[in-house]
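Following: one structure in structure tokens, then a few remarks.
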Amino acid sequence: MKLKIFPKKILLFLFSIVLLLLAGHILGQMLINYYPDVSKFEKFARWMNFNKEVNFPSLFSAGILFISSILLAIIGVYSKDSNRPYFGWYGLSVVFYFLAVDEAISIHEMFNKFARENFGIGGVFYYGWIIPYGVALLVLLGVYIPFLRMLPMDIALLFLVSGLIFVFGAVGFEMLGGRNKDLYFEETNMYIVYFTIEEFLEMTGISLFIYSLLTYISDHIGKIKISFGTVEQKTQILEQK
């Protein structure tokens, strides 16, 4: 089976879903604001709320993170078979797999209560996960500078832009939202704006990252051929243009 890749069409498809989820989230917030006692509106808002878990936005976010992990692993397999550096691709695949699991079951939330109760952290660090994850991000960036330098310029630029968009949302607006929550102890209208922008930027950043990976595969690997058979007939990544 051969898979022909159209990165721009896939990016447009993913971003269309992001916009639909954004529209659903905003509509849900408006409905529960004007009709707080209508249960069906409350259920709709719950399933579309960017700040809730196990709903459509969170499942989409976890899904695109997992897709990123799979694409990175595919590039890693191809690079290994082609005697090219491949550890960097595998390493990123593991990172994105962890982020997908984290998005699905909220591992990072465990740090919040612990940090506030044991270290009295508040303000922009109200969500305590930002500290260990921020340190890990800086370490990862330092380790991956040589990896970025070996990439084609256009792909490296796409990696950086998509990463900045994602981090600006996940960390920057999370810090603003945390400060607002610490000041008012409730979900103010401004807090809703913060987490809406946060999740929108996260989904946009990952969608652009998927586009960059597909562009790399399309430009530097070629078509993908997948075959299923015995152990000797392993799944193969194929043929350069």
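Brief remarks on what is shown
- Count - residues of segment 104-138 that are aliphatic (A, V, I, L, M) and farther than 23 Å from Ile67 by Cα: 8
- Subset of segment 18-32 [in contact (Cβ under 8 Å) with a residue 60 or more places away in the chain and under 19 Å from Ile210 (Cα atoms)]: Val18, Leu21
To keep it simple, each residue is scored yes or no on (1) of a type outside the set (Gly, Ala, Ser); (2) more than 29 Å from Thr215 (Cα to Cα); (3) part of a helix (DSSP H, G or I).
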residue: Gly134; (1), (2), (3): no, no, yes
residue: Leu138; (1), (2), (3): yes, no, yes
residue: Arg149; (1), (2), (3): yes, no, yes
residue: Leu157; (1), (2), (3): yes, no, yes
residue: Leu176; (1), (2), (3): yes, yes, yes
residue: Asn180; (1), (2), (3): yes, yes, yes
residue: Tyr191; (1), (2), (3): yes, yes, yes
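- Pick from segment 33-50, criterion modelled with pLDDT of 95 or more and in contact with a Phe, Trp or Tyr (Cβ under 7 Å, 6 or more places away or on another chain), ranking: farthest from Leu214 (Cα to Cα): Trp47
- Qualifying residue in segment 79-89 (condition: surrounded by 13 or more Cβ atoms within 10 Å (Cβ to Cβ), part of a helix (DSSP H, G or I) and at pLDDT 95 or above): yes
- Condition broken by Leu27, with the remaining ones in (1) surrounded by fewer than 16 Cβ atoms within 10 Å (Cβ to Cβ); (2) modelled with pLDDT under 95; (3) among the hydrophobic types (A, V, I, L, M, F, W, C) satisfied: (2)
- Looking only at segment 173-187, and only at residues there that are farther than 17 Å from Lys52 by Cβ and surrounded by fewer than 17 Cβ atoms within 10 Å (Cβ to Cβ), the one that is modelled with the highest pLDDT: Leu183
- Flag for Lys52 being assigned to a loop (DSSP other than H, G, I, E, B) and not β-branched (Val, Ile, Thr): yes
- Condition check for Thr196: modelled with pLDDT under 95 and either under 22 Å from Ser16 (Cα atoms) or of a type in the set (Ser, Thr, Tyr) (or both): no
- In segment 63-75, the residues that are under 14 Å from Tyr211 (Cβ atoms) form Cβ pairs under 6 Å with partners that are among the polar types (S, T, N, Q) and at pLDDT 95 or above, at six or more places apart or across chains, as follows: Leu72/Ser93.
- Candidates in segment 188-219 are the residues that are among the aliphatic types (A, V, I, L, M) and free of Cβ contacts under 8 Å to residues at least 40 places away in the same chain; of these, the one that is surrounded by the fewest Cβ atoms within 10 Å (Cβ to Cβ) is Met190.
- The listed residue being among the basic types (Lys, Arg) and touching a residue at least 24 places away in the same chain (Cβ under 8 Å), out of Arg179, Arg149: Arg179
The values are calculated or read from the model by the stated rules, or taken from the named source; none is laboratory data. Computed from a predicted model, the values in this text were never measured in an experiment. Cβ atoms come from the backbone with ideal geometry, glycine included; neighbour counts cover every protein chain shown.
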